Amino acid sequence: MTAATHAPAAVEVPRHHAFGRFCRAYAKRPAGLAGLGLLVAFGVLALASPLFIGDDQLNVIKVDGPQLSPPVDGYPLGTDQAGRSVLLLVIWGARESLSIGIIATALTVVLGSAVGLLAGHYQGRVGQGLMHVTDWFIALPSLPLAISLSAVLGQGAASITIAIAVTSWTATARLVRAQTLAVEARPFIERARALGAGNTQIMIRHVLPNVMPLILVSSTLTVASAILSEATLTFLGLGDPTSVTWGSMLQAAFAGGAVTAGAWWYLIPPGIAILIVVLGFTLVGRAVEHVLNPRMVGR
Amino acid sequence: MSSLTAAGPAKVKGQGVKRSGFLPYLGSKLAAALVSFFVTLVIGFVIFSLMPADPVRTLTRGRPTSEAQLAQIRVQLGLDDPIWERFLTFVGNTLKGELGYSWQFQQSVSSLVADRLGPTLLLMGTAAVLSIALGLWLGIRSGWRHGSLFDRIASSASLTLWSVPTFWLGMILLVTFSVGVGPIPSLLPAGGMSDPSLPQEGWTHVVDVARHLVLPCLTMVLVVFAQYVTVMRTSIIDEMGSPYLLTARAKGLTDDAVRRRHAVPNALLPSVTMIFMHLGVLVSGAITVEAVYSWPGLGYLTYEALKIPDLPLLQGTFIVFSASVIIMNLLADVVYRFLDPRVRAQ
């Protein structure tokens, strides 16, 4: 009994140490810090936006700005065809763009980890079958598949999210399977099995915690590509036409003839926003990868 | 992979055995490609035939239709048949090259695809060649001197360009070079593949198409080459520590010769596989770039189909795109065998 109550405390301390070591190593990577800073700034802006952006500035009927005007007083980034401030639209668009990206990533990671864990644990027919399915999905070109899926499921954020998850889980699955195989070969799994642990317990209690850091790293990179995919699918007209995201802004600009009008002020901000957020997630993901995998140092 | 390792002992026995090893290898790859294509058909069937709730309603949307007419359309489309029978019909038609009938163009999907194949191949081919050449060159240079200023500039430029949405870059280039912003005059045509007011043959036409090709191609190259840089750079770095490079240096070869004659051929091997595996990205690029520049290819056809949405047409382009990626992967496996210096030396 006493051993059982003491055990968690004994585990906590090394984990705290490891976390502290990780933070100190991460702080030495300027690119990673820059990426983290960009993401925090965007996150705070997106969360705080309802405080200073209301329906008055977003509703096409209620706004009273000049239509498709270059940057002027009061509209630092110009306006769109309806007379809304592009700056406020970009800030507001961060909310949905980021949340679709993060939800799609969560779905991707859960799906990919489940397949990878099962394929790595049951190494017989089940594992081989799952890996065959993964290989088939890798062979499929992702954008046509995502387009087809969301066209059939109908316009909207939900179908875009599902389409992204279905087309991007394979990378996580392969990664998790490889790591699962490595972990399952270690003696403590044999010990757990000898003590009578079942398949589920080995996978959840012993393998998953060891695979988790890797899953988190790969998910930072997944968010980056999920946000890009969301923008692309929305641009192609598969998003919810009433919501404001960076992709839908660019779609509205393109469909509304902002290109022929030479309205650069309407085109540049959403794209820069996508670029910054995607770059931020990529930089953070790479920095974490470098810290966790010392073999990569110097590359 | 298993056939590659199996080729090992055969190499020792002699040339004859080695050559015959290629056909079984090709056979196994061909079989795998066929299985992949069959799976693509299954996925296409599930998405386009099983998932839509009621295709007849979509088809007759906005038109007054009686119940009897609805039932007749259902029979025509074979919607009341058992699923396996519909699947077999679908597979049979696809193998015969019949991809259905477009709702929007009132034309068979196969003829639409055939019309649009040429422009897409022109755009994707040019972009692929340019981006692979640029990416490999930059990757070799920055991998060989990794950590140098050149490497850092090349790596951060490719990382940034990878983060840019393709369609956005296309629109920005369009505004800058075609519409013209500020002091920049309109330099290049805005969209399409040729100017209808010019003659459609001879040198004028070739120059006209080339002028239309510049911006779409540039957009695709800028977005796609970054991956090739990363792939090539990593495999050069992986080769750097190898003993055979030390040997090459020890026998007095110049740094340049060590790189070109020894490091690059070996580093190319894993890169080729990766390059062909990334060709799906080129397909994605083609769809968005063609949508932005109204380039009359398969990607633009997909974009047009999405507006309705024209499901038979979407299904057709999905199958064609998937089949082309499968063929590319098969090609990669064959090219890999010929590029491998250990096989070529025989």
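The values are calculated or read from the model by the stated rules, or taken from the named source; none is laboratory data. All values reported here derive from a predicted model rather than from experimental measurement. Don't worry about glycine lacking a Cβ; one is built from the backbone with ideal geometry, like all the others, and counts go over all protein chains shown. Protein only, heavy atoms only, side chains kept; ligands, DNA and RNA dropped before computing areas. Shrake-Rupley method; radii C 1.70, N 1.55, O 1.52, S 1.80 Å.
Overview of values
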| quantity | calculated |
| --- | --- |
| For residue A:245, net neighbour charge (Lys/Arg +1, Asp/Glu -1) across residues whose Cβ lies under 11 Å away | -2 |
| Check: the protein assembly as shown dipole with +1 on Lys, Arg Cβ and -1 on Asp, Glu Cβ, in debye | 2960 |
| Cα centroid separation - segment A:123-175 against segment A:69-122, whole Å | 20 |
| Per-pair calculated FRET efficiency, R0 = 51 Å: residue A:58 and residue B:335 via Cβ, rounded to 0.05 | 0.45 |
| Selected from B:192, B:139, B:299 as most flexible by GNM, with chain B as the system and alpha-carbon contacts under 10 Å | B:192 |
| Rounded to whole Hz, the Karplus (6.51, -1.76, 1.60) HN-Hα couplings of segment A:52-64, x for glycine and proline | 10, 10, x, 4, 4, 8, 9, 6, 4, 7, 8, 6, 10 |
| At 0.692 mPa s and 37 °C, Stokes diffusion of chain B via Kirkwood alpha-carbon radius, µm² per second | 139 |
| Residue A:190 - accessible surface, heavy atoms, 1.4 Å probe, Å² rounded to 10 | 130 |
| For residue B:253, net neighbour charge (Lys/Arg +1, Asp/Glu -1) across residues whose Cβ lies under 12 Å away | +3 |
| Efficiency of FRET between residue B:117 and residue B:294 - r from beta-carbon atoms, R0 22 angstrom, step 0.05 | 0.85 |
| Average other protein chain Cβ within 10 Å of Cβ, residues A:128-140 | 4 |
| Residue among B:296, B:82, B:265 with the largest mean-square fluctuation in a Gaussian network model of chain B, springs linking Cα atoms under 10 Å | B:82 |
| Proximal charge balance of residue A:198 [Cβ under 15 Å; K/R count +1, D/E count -1] | +1 |
| Average other protein chain Cβ within 10 Å of Cβ, residues A:231-238 | 5 |
| GNM top mover of B:37, B:167, B:87 - chain B, alpha-carbon springs below 10 Å | B:87 |
| Largest to smallest accessible area among B:300, B:228 [probe 1.4 Å] | B:300, B:228 |
| Rounded accessible area of residue B:307 (nearest 10 Å², 1.4 Å probe) | 140 |
| Principal axes of the protein assembly as shown: Cα extent on each, largest first, Å | 69, 65, 62 |
| Segment B:203-281-segment B:303-334 distance, computed between alpha-carbon centres (Å) | 27 |
| For chain B: lysine pairs under 25 Å (alpha-carbon distance), excluding those fewer than 8 apart on one chain | 4 |
| Computed [θ] at 222 nm, deg cm²/dmol, the protein assembly as shown (DSSP H ≥ 4; -39,500 (n - 2.57); rounded to nearest 500) | -24500 deg cm²/dmol |
| Exposure of residue B:80 as accessible area (Å², to 10), given a probe of 1.4 Å and all protein chains | 100 |
| Modelled FRET efficiency - R0 60 Å, residue B:50 with residue B:256, Cβ distances, 0.05 increments | 0.55 |
| Chain-alone versus full-assembly comparison, segment B:297-330, residues with accessible loss of at least 50 Å² (1.4 Å probe) | B:303, B:306, B:318 |
| Signed unit charges on C-beta, dipole axis of chain B, positive-most listed residue B:200, B:303, B:146 | B:146 |
| Sequence of B:195, B:238 when ordered by accessible area, the most exposed leading, probe 1.4 angstrom | B:238, B:195 |
| Sequence of B:177, B:48, A:52 when ordered by accessible area, the most exposed leading, probe 1.4 angstrom | A:52, B:177, B:48 |
| Cβ-placed point charges (K, R +1; D, E -1), dipole of segment B:107-345 about Cα centre in debye, nearest 20 | 1000 |
| Options B:71, B:26, B:277, ranked by Cα towards positive dipole end of chain B, top entry (Cβ charges) | B:26 |
